[in-house]
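Novice: Quick one: structure below, then a few questions.
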Amino acid sequence: ETAEQAYNRGFETGQYDGGEKWLENAVPQNMLLPDVTLQEVIALGVEQLKPQCHRLMDVHEVFEQMMQALASNSPCAVVRLGDGELLALSQDVVYNARIVKQEGEFLPYAGVKPPDIGARDQLAQAIRHAQIVG
């Protein structure tokens, strides 16, 4: 098997396990959903869930808000959430400390030594007070 064949096999397996299989399991037993693709089902589902969506600012809106803050000499806290921040926030909420410590071996470089619930809570509080979070 070539690398390309292995990639394609893995891609197809992942696509099935991560989508088509879920669709098969969601369709009631003894029923068939013909001529509808997974992408169409997802699009219809997203359309139904639009009222629950949160609108995100585009880059121009972020820039404009920052410029307004500068012009009015008012604060504008911008927080970027990356892997480290998300792992720190997940302590004893999504993952236990052992998993956070294992997955976030880089966290001590940022001053977070799991378990560090105080750092988690401080980070969450900072995010709550930020004007822009991304």
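Novice: Pick from 36, 27, 46: which is surrounded by 10 or more Cβ atoms within 10 Å (Cβ to Cβ) and under 19 Å from the mean Cα position of the chain (by Cα)?
Specialist: Of the residues listed, the single one that is surrounded by 10 or more Cβ atoms within 10 Å (Cβ to Cβ) and under 19 Å from the mean Cα position of the chain (by Cα) is 46.
Novice: Can you tell me which residues in the stretch 104-119 are open to solvent by 40 Å² or more (accessible area, probe 1.4 Å) and touching a helix residue (DSSP H, G or I) at 6+ places or on another chain (Cβ under 6 Å)?
Specialist: 110, 115
Novice: I'm trying to understand the selection: among the residues of the stretch 72-85, which are among the aliphatic types (A, V, I, L, M) and either loosely packed, with under 13 Cβ neighbours inside 10 Å or part of a helix (DSSP H, G or I) (or both)?
Specialist: 77, the sole residue that qualifies.
Novice: Additional query: Tell me yes or no: at least one residue of the stretch 86-101 is in contact with a helix residue (DSSP H, G or I) (Cβ under 6 Å, 6 or more places away or on another chain), in a helix (DSSP H, G or I), open to solvent by 50 Å² or more (accessible area, probe 1.4 Å) and at pLDDT below 95.
Specialist: no
Novice: Does residue 69 satisfy the criteria of being surrounded by fewer than 12 Cβ atoms within 10 Å (Cβ to Cβ), part of a helix (DSSP H, G or I) and at pLDDT 95 or above?
Specialist: For residue 69, the condition - surrounded by fewer than 12 Cβ atoms within 10 Å (Cβ to Cβ), part of a helix (DSSP H, G or I) and at pLDDT 95 or above - is not met.
The values are calculated or read from the model by the stated rules, or taken from the named source; none is laboratory data. Everything numeric in this text was worked out from a predicted model, so none of it was measured. Neighbour counts run over all protein chains shown; Cβ positions are idealised from the backbone, glycine included. Accessible surface areas use protein heavy atoms only, side chains included; no ligands, DNA or RNA. Shrake-Rupley method; radii C 1.70, N 1.55, O 1.52, S 1.80 Å.
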